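The values are calculated or read from the model by the stated rules, or taken from the named source; none is laboratory data. Since we're looking at a predicted model, the values are computed, not measured. So basically every Cβ, Gly included, is an ideal-geometry build from the backbone, and we count neighbours across all protein chains shown.
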Amino acid sequence: MEFCPKCGSRLILKKVKTEDKTEFFLVCRKGDYTKEGVDLTLKPSMVNNGNPKKIVAVISKNEQKLKTLPTIKVECPKCGNKKAYVWQLQTRGLDQSSTQFMRCTRCNHTFRDTT
């Protein structure tokens, strides 16, 4: 998938047949940008040979020290602090809602939303 360098919209594939050959172009729907010489050989972008049920997201110690997660006002059950980092993970089936995890900004205790 490629995007227009002028407006950022997704380029669409356009096929032009002539008498002796067929050429492919990527064309912007909004502007006048056209990319010629499109290679249509399929290239895998990501290969995953593992079982998706065995993939587990792990936040390492270095990532835990980063202060980039959003925060909410909630009381920590361990130390009583009123501020925690928050994130969500899909821990059950896709038809179930995701689980909200929180980590205290003071004692780093990690807990789940119990509601």
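Computed quantities for the displayed model
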{"quantity": "Which listed residue is surrounded by 12 or more Cβ atoms within 10 Å (Cβ to Cβ), out of contact with any Cys (no Cβ under 9 Å at 6 or more places or on another chain), within 30 Å of Met1 (Cα to Cα) and at pLDDT below 85, from Leu69, Leu94", "calculated": "Leu69"}
{"quantity": "Close pairs from segment 1-23: first free of Cβ contacts under 8 Å to residues at least 24 places away in the same chain, partner of a type outside the set (D, E, K, R) and surrounded by fewer than 10 Cβ atoms within 10 Å (Cβ to Cβ), Cβ under 6 Å, at least 6 apart", "calculated": "Glu23/Val16"}
{"quantity": "Failed item, numbered, when Ile59 is tested on (1) modelled with pLDDT of 80 or more; (2) closer than 30 Å to Arg92 by Cβ", "calculated": "(1)"}
{"quantity": "Pick from segment 9-53, criterion of a type in the set (Gly, Ala, Ser) and surrounded by 10 or more Cβ atoms within 10 Å (Cβ to Cβ), ranking: modelled with the highest pLDDT", "calculated": "Ser9"}
{"quantity": "Members of segment 99-115 found to be part of a loop (DSSP other than H, G, I, E, B) and at pLDDT 85 or above, listed by number", "calculated": "Thr105, Arg106, Cys107, Asn108, His109"}
